[in-house]
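Reading through the structure tokens given below for one structure.
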Amino acid sequence: MGAPIDLTGYTPPGDVPSLVSAAFVAFLDVGYLIAIGVACAKARSHGGRARAMRAADARAGQPLVPGYVAVTGEVALIDGAGSGPGVRVAQSERRIRRKGGDEVTWTETSRRVDAHPFDLITAGGERVRVEPGEGMLLVAPLEVERGAHGGRERVARLAGGEAVTALGELSEARGGGGYRGGGRRWQLVPRRGERMIVSTEPLASRHASRARLHLGWFVAMLVALVATLAWATGDYHLLAALGKRDTAAVRAVARAPREVRTSKHRTAVLDDYELSYEVPELGVRERLPTAPWVGEAVQREMTRAKSTGEPVTLPIVVAAGRHKLSWDRLPTVSSSRTYVCIVAFVALALAYALHAWLKRPWYERRRIDESSHPMTILDD
């Protein structure tokens, strides 16, 4: 049997070239894996916070145990600290005059966090040194104060004796500087890669809700990835990973003129070909339109084969009952299906990012308040 026809540069009709196919498939695979990984990590993080905060309520008054926990107690200021941790949000005013009255929008321009260490005295009498770190998220009612240049500030600061919950990594403290009395000495610090949350209000339900949000998007992205593999890129992965070079036997080739419109009033006839071939090992017979240069090359080989008696063959890649005409080992993917999948992924990724961004609480995003009076104190 002679060598198969040289199809260097050939792309099956309706597909994109092999290198472009590889780039498109890599974009979809990597994009979905990143989105799924982010959604999974966020769901686990918020779910862990919700469980830790619920456990703190259930274990109120019981001895503390090391680990990632929420500790509830009363604030005790450290001697010499001057004040407890606080946050100061500066806002600028934007006033819109309307017939029924002015509308005022206050937009955050800067935020300063004072992450002073403090102690927590639990209901069981244990003392915990809290080192919140510069990235501390303080969740507390914000008071309104007048600022400079016509602006205002929203201010929150913890006072001694105030009941709060702090979420972080709890361990036994080394040494004992700053502690009074006996018993075990504890230290609470932010977990690696996270910001410590110090809150005067219950947050378990809020974090559980955000965990469900990310879990829902995790499932959506996973379903979309499976659908993409089943509809557009599954054969590509199969042929690229397990494909072997083989040949298909040409049965016939014929001209198949195709009329296309070149302008509003003009048409042109393209001298295309239709190619018939079979893969006996797979029991497959195919007919497909093909480019003129491929059809002409096949016709020349078939004319030569009449004198030599050798079959005319085409190069293919075969794996697990699937095949593709291919001039190299890399298969190709459908252009229309791949474009649809790319658009679907980008739309899903943007929707996920926007949904998560809109659901962020005020202490994780820029603070914007709307009111009808410059110094109105709004609920958080």
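The values are calculated or read from the model by the stated rules, or taken from the named source; none is laboratory data. None of the values given here were measured: they were computed from a predicted structure. Cβ: placed from backbone, ideal geometry, glycine included. Neighbour counts: every protein chain shown.
Data table
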quantity: Region 279-291 residues that are closer than 12 Å to residue 323 by Cβ, paired with ones that are of a type in the set (Phe, Trp, Tyr) (beta carbon under 6 Å, 6 or more apart); calculated: 286/277
quantity: Where a residue in region 105-121 is under 20 Å from residue 89 (Cα atoms) and of a type in the set (Asp, Glu) and its partner, wherever it lies, is surrounded by fewer than 16 Cβ atoms within 10 Å (Cβ to Cβ) and at pLDDT below 90, with Cβ under 7 Å and at least six apart; calculated: 108/366; 108/368
quantity: Single condition residue 64 does not satisfy, out of (1) part of a strand (DSSP E or B); (2) touching a Leu at 6+ places or on another chain (Cβ under 9 Å); calculated: (1)
quantity: Residue match in region 254-273 (condition: of a type in the set (Ser, Thr, Tyr), more than 17 Å from residue 324 (Cβ to Cβ) and surrounded by 13 or more Cβ atoms within 10 Å (Cβ to Cβ)); calculated: yes
quantity: Criterion: within 23 Å of residue 69 (Cα to Cα), among the small types (Gly, Ala, Ser), modelled with pLDDT under 90 and over 33 Å from the mean Cα position of the chain (by Cα) - qualifying residue of 178, 151, 147; calculated: 178
quantity: Residue check, residue 368 modelled with pLDDT of 80 or more, in contact with a strand residue (DSSP E or B) (Cβ under 7 Å, 6 or more places away or on another chain), among the hydrophobic types (A, V, I, L, M, F, W, C) and buried (at least 17 other Cβ atoms within 10 Å of the Cβ); calculated: no
quantity: Unique match (being aliphatic (A, V, I, L, M), crowded, with 21+ Cβ neighbours inside 10 Å and assigned by TED's automatic domain parsing to the domain that holds residue 239) among 28, 33; calculated: 28
quantity: Any chance residue 194 is within 20 Å of residue 54 (Cα to Cα) and of a type in the set (D, E, K, R); calculated: yes
quantity: Lone unmet requirement of (1) in contact (Cβ under 8 Å) with a residue 40 or more places away in the chain; (2) at positive phi for residue 321; calculated: (1)
quantity: Hits in region 12-25 - residues which are in contact (Cβ under 8 Å) with a residue 60 or more places away in the chain, of a type in the set (A, V, I, L, M, F, W, C) and either within 27 Å of residue 220 (Cα to Cα) or surrounded by 15 or more Cβ atoms within 10 Å (Cβ to Cβ) (or both); calculated: 16, 22, 24, 25
quantity: Filtered residue count, region 38-77, keeping only those that are in contact with a Pro (Cβ under 9 Å, 6 or more places away or on another chain) and not aliphatic (A, V, I, L, M); calculated: 1
quantity: Selection within region 114-143 - surrounded by 18 or more Cβ atoms within 10 Å (Cβ to Cβ), in a strand (DSSP E or B) and among the hydrophobic types (A, V, I, L, M, F, W, C); calculated: 118, 120, 128, 130, 137, 138, 139
